[in-house]
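The values are calculated or read from the model by the stated rules, or taken from the named source; none is laboratory data. Predicted model only: the values in this text are computed from it and were never measured. Don't worry about glycine lacking a Cβ; one is built from the backbone with ideal geometry, like all the others, and counts go over all protein chains shown.
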Amino acid sequence: MYRILIVEDDAVIASAVARHIAQWGLETRCVRDFRNVLGEFRDFDPQLVLLDLVLPAFDGYHWCREIRKVSSVPVIFVSSASDNLNIVMAMNMGGDDFIAKPFDLSVLMAKVQAVLRRTYDFGVAQPVYRHRGAELNTADASLTCPSGRVELTKNEYRILLTLLERQGQVVSRETLMQRLWESDSFVDENTLTVNIARLRRKLDAAGLLKFITTKKGLGYLVD
């Protein structure tokens, strides 16, 4: 049974969403302590998070960043602040989808099911990419190495997956940006540079030094 964490401070909306989702056989929990969303996230260990933008104490962007530090679980933003800027920011923060309020519960459920299918499709064996003792498992977007598990953001995962799929080949920056655009996130040259730098720091900290090589003027290589 999939677990859905609902981070919504409007008790009426939260209860209605929880009841509707439960009718589909999914387990739900509504956050109560909006100063400890990450603590409730860790305790419930959900497979998907429904996250409002406007919340007490800290906004949804803050909690999405905190969740992304420890998990790649899909996050669907739900908010009345549905202008283009907020949607783009939500996607760049690591969101997987955005639903504008007011919404129809059947539409929300369809979105939830679609994200769950994309993320947890266990019907087909998913490949595992191995290099220098590290393993990238495409079934759950996890990276493990001898020193332990490395938590990746959605963009970091897609960059590493693209490089490992073409192991031994130079991958251009244009190819990487095209791959990141598949997630509907706004990605420019600077965004790609920031993501690669952050990914390298995580790999270095895990003992995977110089895992990604820069080929000046050409792109990047895992070899």
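Checked against (1) part of a helix (DSSP H, G or I); (2) in contact (Cβ under 8 Å) with a residue 60 or more places away in the chain; (3) more than 22 Å from residue 89 (Cα to Cα), residue 157 passes all but a single condition, namely (3). Restricting to the range 51-77, name every residue that is more than 30 Å from residue 144 (Cβ to Cβ) and in contact with a Gly (Cβ under 9 Å, 6 or more places away or on another chain). Of everything in the range 51-77, those that are more than 30 Å from residue 144 (Cβ to Cβ) and in contact with a Gly (Cβ under 9 Å, 6 or more places away or on another chain) turn out to be 52, 53, 54. Across the range 21-38, the qualifying residues are those that are out of contact with any Asp or Glu (no Cβ under 7 Å at 6 or more places or on another chain) and in a helix (DSSP H, G or I), and the one among them that is nearest to residue 110 (Cα to Cα) is 21.
With respect to (1) at negative phi; (2) touching a Lys or Arg at 6+ places or on another chain (Cβ under 9 Å), the lone exception for residue 57 is condition (1).
Does residue 67 satisfy the criteria of being of a type in the set (Val, Ile, Thr), within 22 Å of residue 180 (Cα to Cα), in the same structural domain as residue 11 (by TED's automatic domain parsing) and in a strand (DSSP E or B)? Spelling it out, it is not the case that residue 67 is of a type in the set (Val, Ile, Thr), within 22 Å of residue 180 (Cα to Cα), in the same structural domain as residue 11 (by TED's automatic domain parsing) and in a strand (DSSP E or B).
Of all the criteria given as (1) surrounded by fewer than 19 Cβ atoms within 10 Å (Cβ to Cβ); (2) modelled with pLDDT under 85; (3) not in a loop (DSSP other than H, G, I, E, B), the one not satisfied by residue 91 is (1). Does the range 121-133 hold any residues that are outside any strand (DSSP E or B), modelled with pLDDT of 85 or more and not small (Gly, Ala, Ser), and which are they? Hit for the range 121-133 is 132, nothing else.
Among the residues of the range 87-107, the one identified as farther than 12 Å from residue 77 by Cβ and either in contact with a strand residue (DSSP E or B) (Cβ under 7 Å, 6 or more places away or on another chain) or among the hydroxyl-bearing types (Ser, Thr, Tyr) (or both) is 106. Cβ separations smaller than 6 Å between residues 6+ apart or across chains give the following pairs from the range 1-27 residues that are free of Cβ contacts under 8 Å to residues at least 40 places away in the same chain to residues that are assigned to a loop (DSSP other than H, G, I, E, B) and of a type in the set (D, E, K, R): 14/8.
Residue 118 passes every criterion in (1) within 20 Å of residue 221 (Cα to Cα); (2) assigned to a helix (DSSP H, G or I); (3) modelled with pLDDT under 90 apart from (1).
Considering each of 5, 51, 55, 85 in turn, give the residue that is part of a helix (DSSP H, G or I) and hydrophobic (A, V, I, L, M, F, W, C). Of the residues listed, the single one that is part of a helix (DSSP H, G or I) and hydrophobic (A, V, I, L, M, F, W, C) is 85.
When the residues of the range 185-223 are filtered to those that are touching a helix residue (DSSP H, G or I) at 6+ places or on another chain (Cβ under 7 Å) and part of a loop (DSSP other than H, G, I, E, B), the one that is surrounded by the fewest Cβ atoms within 10 Å (Cβ to Cβ) is 186. Exactly one residue among 176, 143, 163, 136 is among the aliphatic types (A, V, I, L, M), under 14 Å from the mean Cα position of the chain (by Cα) and either under 30 Å from residue 4 (Cα atoms) or modelled with pLDDT of 85 or more (or both), and that residue is 143.
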